[in-house]
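**Student:** Structure provided below as structure tokens; questions to follow.
The values are calculated or read from the model by the stated rules, or taken from the named source; none is laboratory data. Every value quoted in this text rests on a predicted model; they were computed, and no experiment measured them. Cβ sites come from the backbone with ideal geometry, for glycine too, and all protein chains shown count toward neighbours.
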């Protein structure tokens, strides 16, 4: 990769990587640090990486760094839903974005990341598998389970609007 291609990768992919990480950890400063670390690592490996794979490489690098930080802070403690199965979100909110982020925060990290990469960033199952290090079948399972969990938490859209 040339310096011009590296600069193009910064311009084209930095916002998407930041949004992905920010949606997962909900901390602006940590998300910026992770993106910066990813681009630093890309710069150190610039000679061995082609531009055509830079986007996937950056997402993979940022995802792995995020997981390392989460593990370090012992934030991987999913104990389950606060609601019983079949129980839906009953509170009336005007901010649907807040409800969605609350529901996403309740998902296990791998499901949340898979759902965000698929539905928010538009990656294919194969690309998500490459980023997260899972098989394509496992990615599909995680997305399905994540969507079911989101649906059970949010319930009917009429209850939140």
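**Student:** Return the residues of region 21-80 that are at pLDDT below 85, assigned to a helix (DSSP H, G or I) and over 17 Å from the mean Cα position of the chain (by Cα); say none if nothing qualifies.
**Tutor:** Once the filter is applied, which keeps residues that are at pLDDT below 85, assigned to a helix (DSSP H, G or I) and over 17 Å from the mean Cα position of the chain (by Cα), region 21-80 yields only 72.
**Student:** Of the residues 139, 115, which is buried (at least 17 other Cβ atoms within 10 Å of the Cβ) and modelled with pLDDT of 90 or more?
**Tutor:** Matching residue, one of 139, 115: 139.
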